[in-house]
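What follows is a short report on a single structure.
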Amino acid sequence: MTRPAGVQAPVGTHDVLAPDSARWQWLLGTFADWAARYDFGLIISPMFEDLAVFHRGIGEASEMANKEMYVFEDRGGRRLGLRPEGTASVVRAFVQHHPALPFKAWYATPAFRYERPQKGRYRQHHQIGVEALGTDDPAMDVEVISLAWRFYEALGLKRVRLLINSMGHAGCRGDYLELLSEHLGAHEASLCEEHRPTWARNPLRVLDCKRQDCVEVTAGGPMLIDHLCHECATHFAAVREGLSSMGIASELSPRLVRGFDYYTRTTFEFVSEVLESAQNAIGGGGRYDNLVEQLGGDPVGGIGFGSGIERLLLVLEAEAVALPGIQPELFVVDTCPVDASSALIDELRRAGLRVARAYDARSMKAQMKAADRSGARLALLIGPRELAAGEVTMRDLRGEEGAGAQVSLARAEVLAHVLERLKKRP
Ligand code: HAM
């Protein structure tokens, strides 16, 4: 039978069901733990904002604003946008609520971008990230970058590299752009097809271009890192030294100009060696010292990063990291003509155990099959015989005692025995 239209998730989006969603839970839990260790508090803000927030945040003329954002008008005629990233909303919330400084926030959020979907690139992806506002101290850059690094370590990732660069401040970047434009203008004919006619609009994008033509032209050209002012160079050196003092190696990557116009000074990206290079960034971020002002606040700096959950899961799989599942610990099989198990199940769950059960009065065979499939270690069986004797049969489904080993327990002692067997304390 053909299904009616509209019952599939939109192109570039995915449903995440158990057991895969257990990996998300674990990943989010690990990130929440590390964010708390670094003294970041959770922020939850709307998924859509006045379009002006994103236009002022990511640049009205940017490719993202013009080609990738989901924009709509609500019934009240307001122009709104779905968030394509997390930073602009956090900065808007910061300007609106005037929290104490420094303001350190972490988030987990969907982000929407109308991109060509492929492995590792989706129209709705999910990011975990942090933003720290209100200080220019390079120690904050070090905190933000090391938080990401320690989090990746905690996940068990081994093949991640940290690339780092500085975009300078408006002054040194302005001077550098003149030099770069001069160089690109002189070699215009050798640029790739896309950038030959467009380089002048945003010369920095040419540095980012992976095509051989542009790589060759820019290889011989000036790099911003060699043209930083004294303050920006000092800031950058302090960040790298701070990281190095913690044993975190950062690789200078002079071509790293990230996709948003808001970046100033420190920019960084975490790339995985086990993903294809087009989608190998598992996280990235940087400093944005003008963004708060652009969104109507005081001129204070900020820095943050975002990391793609889907990409992290791809890397975890590629690096063969064993991911914890969230399986039931017990499966209760009840074949009595009356409900003989709800109270017992309630008692077990209230004691902290993960308990699954069958429904619809299915046969013993069908319930045992479901018990095997559930991944539970123990089954508790209550049939008419057990009910009459005030007992429960505890059967090992795959434990050390050997699958199938079973014992009869007095109903009142079930919880204590189960806890003992699962080595859990009440
Ligand atoms: P971004 O580099 O655009 O930065 O995205 C951060 C991460 O999200 C990427 O490194 C990647 O892992 C993931 N990602 C991005 N786009 C997609 C996609 N279409 N499909 C799957 N994963 C994707 C930002 O969004 C900045 N807001 C980061 C930041 C925070 N900078 C300062 N603070």
For the chain, what does the helix formula give at 222 nm: sum of -39500 (n - 2.57) over DSSP H segments with n ≥ 4, over the residue count, nearest 500 deg cm²/dmol? -10500 deg cm²/dmol
Exactly which trypsin sites (Lys or Arg not before Pro) in region 188-222 are in a DSSP loop and have at most 11 other Cβ atoms within 10 Å? 201, 210
Please check the chain for the longest run free of GluC sites (Glu not before Pro) that are loop-located per DSSP (anything but H, G, I, E, B) and have at most 10 other Cβ atoms within 10 Å. 194-399
Surface share of carbon and sulfur [accessible, 1.4 angstrom probe, percent] for region 330-421: 50 percent
Once both axes come from the Cα atoms, what is the angle between helix 230-245 and the longest principal axis of the chain, in degrees from 0 to 90, rounded to 10? 30 degrees
Mind listing P(r) for region 330-421? All alpha-carbon pairs, 10 Å bins, whole percents. 17, 56, 26, 0
How much accessible area per residue does the chain have, in Å², with a 1.4 Å probe? 51 Å²
Alpha-carbon centroids, region 339-417 and region 227-243: separation in whole Å: 63 Å
Among 382, 100, 307, whose Cα sits farthest toward the positive end of the charge dipole of the chain (+1 at Cβ of Lys/Arg, -1 at Cβ of Asp/Glu, about the Cα centre)? 382
Near residue 119, which lysines are there with a Cα under 25 Å away, not counting those fewer than 8 places off in the same chain? 67, 158, 210
Loop-located trypsin sites (Lys or Arg not before Pro) in region 43-113 whose Cβ has at most 16 other Cβ within 10 Å (DSSP): 75, 78
Figure the gain on full extension for residue 181 and residue 212 (residue separation times 0.36 nm, minus the Cα-Cα span) and round it to one decimal in nm. 9.3 nm
Pairwise FRET efficiency - residue 36 versus residue 137, Cβ, R0 = 30 Å, nearest 0.05: 0.90
At 1.4 Å probe size, with the rest of the protein present, what percent of the exposed accessible area of region 167-271 is carbon and sulfur atoms? 50 percent
Difference of contour (0.36 nm per residue) and Cα-Cα distance, residue 219 to residue 66: 52.1 nm
How big is the charge dipole of the chain about its Cα centre, in debye rounded to the nearest 20, if each Lys and Arg gets +1 on its Cβ and each Asp and Glu gets -1 on its Cβ? 1600 debye
When the accessible area of region 71-120 is split by element with a 1.4 Å probe, what percent falls to carbon and sulfur? 51 percent
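The values are calculated or read from the model by the stated rules, or taken from the named source; none is laboratory data. These numbers were taken from a predicted model, which means no experiment stands behind them. All Cβ positions, even for glycine, are placed from backbone atoms using ideal geometry, and neighbour counts span all protein chains on display. Just so you know, the surface numbers come from the protein's heavy atoms only, side chains and all, with ligands and any DNA or RNA stripped out. Shrake-Rupley method; radii C 1.70, N 1.55, O 1.52, S 1.80 Å.
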